[in-house]
Each structure stands twice: as C-alpha cells, then as structure tokens.
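To keep things clear, I will list the structure first and then write my remarks on it.
The values are calculated or read from the model by the stated rules, or taken from the named source; none is laboratory data. Keep in mind that what you see is a predicted model, and the values were worked out from it rather than measured. Virtual Cβ from ideal backbone geometry, glycine too; neighbours counted across all protein chains shown.
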Amino acid sequence: MSAVHQFIPSFVSRDAIGAHTLQVRSVLQEMGLRSEVFAENTSPDLEPHSRPYESYRPKPGDWLLYQASTGSKVAEYLLGRPEPQIVNYHNVTPASTFGRWEPRLADEMADGRRQVAKLASVARHGLAVSQYNEAELKEMGYRSTSVTPLLLDFSTFDHDVDRPTLDWLSRLRDRGGASILFVGRIAPNKAQHDLVKALIAYRTLYDPAARLHLVGGASSPAYFDALRRFVGHTGVRDSVDFAGSVSDAVRSSYFRGADVLLCLSDHEGFCVPLLEAMYNGLPIVAYASSAIPETLQGAGILLDSKEPVVVAAALHRVLSDEALRSRLVEAGRRRLADFSLDRTRRTFAEAISAVLAEGAG
C-alpha cells in the first residue's frame, strides 16, 4: 500500500492549516493510503496525532506532502529527500510587509518563499488553496499545479457563545452605533491601522457612536505597540476594542454581535474569517487585494481603494440599506456552499489521485 505522509512546520490547534492537515490525513486514509503527520513544532493537544519530522523512516511507495506557509527546517529537510513530493501551498506573507517591524520574522518569511521556490525542482505537483496562490507557484517554476481549497469543517464555526461577551456587545448595540468587526492576528499585512482610519472617517461622516472590534493576537509586537499609540493619538481609544486572542466561544460572540466585517488586508492567501462571516450571516466590506476577491466571489462589497472616506461610504451603504445587506448575506450563504467539506474533500482526493496516477505511469 502506498503512503502520503504530511510534513508541516507548526502543527497547532485552533489554526486553519492545522485543521486542514487533519482533514487531509483523513482523506488520504479513506483513499486507502497510509498517512502520518510529521512536524517541527506541535502543540501539546495534537502530539498524539504527529511525530517529530526527524523521526520519519522511509518505506517503498512513500510520497511526502509539505504544508507550506513559512520558512522552516522541515523544508530544508525535504529538499534533501529522494521521495516524490507534493507541495500544498497556503502562501507565505511577503517579507516586505514585516521588514520595518520585525526583521527576524521578515527573514523567516523570505526564507519560506525561497524554500518553496527551491522545492519546485523536486516536487511533482503543487496544490494551492486559491488561484492566487497557484499563480505564485507557477511563477516559482512549478510545472504541474492545481487548486484545492482549504478543507474546513464549518461546524468548528458553530460554538456556544460566551454569554458575558455577547451581553456586553448587546448593551453596546443598545446604546447606538455600529459594531465593525475584524478578525485576524494584529500584523502589518492585516493593516489594522487602515481599519482605524476608516473608523474615524465613518464616525465623522455618518455614525459618531460606531465602534471597531479587533479580534486576534499580535504577531508583531512592534506594529501592535505603534497601532495602540496611533489609536490613542487619534482620539478613538474608547471606540477601539483590542480583544486579543480569544476562546472559540468569545470569537463566536463577536461574530454574532457585530453588524459588518471589514477587511482591509494587503495580503491574504485565502482569508478564513470571510467564510466565518458568511456562516454567521454577517455582511462583508473588503479591500480587493491578493486572494480576497477570489474568496468572496461577489459575496461582499469589494473596494479598489482604502481611502478612509471610500471605506466609510461603503460601510454606510451596507449598514443603512437593509435590502443590500440581505442580498450580501444571501450571497455569502451561496458562496459558502462552494467550500462545503464534502465538496472540498472530494476535490482534494481527485487531485491527489491524479498526481499519484501520473507518478505511477
């Protein structure tokens, strides 16, 4: 029996790539393939599901599948392996977005892109979670590629709410003013500073009681510190909620207590929070960068500009036009069906089957 073993830099819980990896293992095993997960770093709760990457022992018929999202020792290890390989590309954040804030992380990201490019010389195929990512693989020299979306179980979006958080959000709503939500780690490529500028414009032009909720931990302390200072200097300290890294229940409370999801990221390889917003019936306003237009596919208001007054006007349209809001929510439900787990698992299985068949030919 053949095997497709996965290699991943960081195998951690409450992470889209970690969840994808578990789903991939399940798909591979259902296909009759042996499949184990080998990781550089693993969170304690996932240790029963993985082994250190150095412990891999090859057997005839093995294929290796790399979950690529950052620079890692795993990639260097795979570059020296003789087994046929597949790269599952989740994108690597461009180093330029972190360079002035976190030079060490920027170096890691630059290494990650170099490693993915080097793997083009040994990989039989590149799987990309979006067409945007597939285009990058082709630019790096991958001759055989296909698009297989993230394998996401939507039931993981459906948590019991944290009642104190939802009650607090409800009290804020009762006082008046829109609740604008962004979910994602605080990092330069997520451009939370542009969200704050948009909030100021929206409060000035339309809704002086509007609030911005930023849910997610910080991956750049320097950027986070600068962002907090910026919020203080602009006079909206009491209207910006830095929620930080939160539990699943608190996260669900924010989605259910918000009026709109606003995303002004400069770089996203897919953007799972867009799907979470669709799942929770939340309309979306987003900047048309990187993979965001592809992920939305019309299920939100897409902007070609991040000028604060432009963003504020878009927010006003969504929040003041109930018919438009309803159309966006319904479009989100339709788009979400394209990422149903049954459909994405089938797509992934078909892609792997084709690669293995070609490799055996």
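Numbers below:
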| quantity | calculated |
| --- | --- |
| Close pairs from the stretch 315-331: first of a type in the set (G, A, S), partner assigned to a loop (DSSP other than H, G, I, E, B), Cβ under 6 Å, at least 6 apart | A331/G298; A331/A299 |
| Out of G300, G257, G269, sole residue that is surrounded by 15 or more Cβ atoms within 10 Å (Cβ to Cβ), in contact with a Lys or Arg (Cβ under 8 Å, 6 or more places away or on another chain) and in contact (Cβ under 8 Å) with a residue 24 or more places away in the chain | G257 |
| Residue check for D207: among the charged types (D, E, K, R), modelled with pLDDT of 95 or more, assigned by TED's automatic domain parsing to the domain that holds S320 and in a helix (DSSP H, G or I) | no |
| Subset of the stretch 106-150 that is assigned to a loop (DSSP other than H, G, I, E, B) and touching a residue at least 40 places away in the same chain (Cβ under 8 Å) - its residue that is farthest from the chain's Cα centre (by Cα) | V122 |
| Search result, residues across the stretch 81-103 that are over 14 Å from Q6 (Cβ atoms) and either of a type in the set (S, T, N, Q) or at pLDDT below 95 (or both) | N91, T93, S96, T97, G99, R100 |
| Residue match in the stretch 22-39 (condition: modelled with pLDDT under 95, in a loop (DSSP other than H, G, I, E, B), among the small types (G, A, S) and out of contact with any Gly (no Cβ under 6 Å at 6 or more places or on another chain)) | no |
| Flag for L341 being surrounded by fewer than 19 Cβ atoms within 10 Å (Cβ to Cβ) and in contact with an Asp or Glu (Cβ under 6 Å, 6 or more places away or on another chain) | yes |
| Exclusive hit being under 18 Å from R113 (Cβ atoms), surrounded by 15 or more Cβ atoms within 10 Å (Cβ to Cβ), within 24 Å of the chain's Cα centre (by Cα) and not small (G, A, S), set Y77, Y89 | Y89 |
| Residues of the stretch 74-105 satisfying the condition of being touching a residue at least 40 places away in the same chain (Cβ under 8 Å), outside any loop (DSSP other than H, G, I, E, B) and not aliphatic (A, V, I, L, M) | Y77, N88, Y89, T97 |
| Subset of the stretch 35-66 that is charged (D, E, K, R) and within 20 Å of F348 (Cα to Cα) - its residue that is nearest to the chain's Cα centre (by Cα) | E36 |
| Residue in the stretch 290-312 that is under 20 Å from L137 (Cβ atoms) and in contact with a strand residue (DSSP E or B) (Cβ under 8 Å, 6 or more places away or on another chain) present | yes |
| Filter result (surrounded by 15 or more Cβ atoms within 10 Å (Cβ to Cβ) and either within 24 Å of the chain's Cα centre (by Cα) or not hydrophobic (A, V, I, L, M, F, W, C) (or both)) within the stretch 204-221 | Y206, D207, R211, L212, H213, L214, V215, G216, A218, S219, S220 |
| Scan of the stretch 124-158 for residues that are in contact with a Leu (Cβ under 7 Å, 6 or more places away or on another chain), of a type in the set (A, V, I, L, M) and either over 26 Å from R251 (Cβ atoms) or surrounded by fewer than 20 Cβ atoms within 10 Å (Cβ to Cβ) (or both), ordered by number | A128 |
| Pairs with Cβ under 6 Å, 6+ apart, first in the stretch 22-50 and without any contact (Cβ under 8 Å) to a residue 40 or more places away in the chain and more than 16 Å from S72 (Cβ to Cβ), second among the basic types (K, R) and not in a strand (DSSP E or B) | S35/R25 |
| Among the candidates V161, V196, residue that is at pLDDT below 95 and either in a strand (DSSP E or B) or crowded, with 18+ Cβ neighbours inside 10 Å (or both) | V161 |
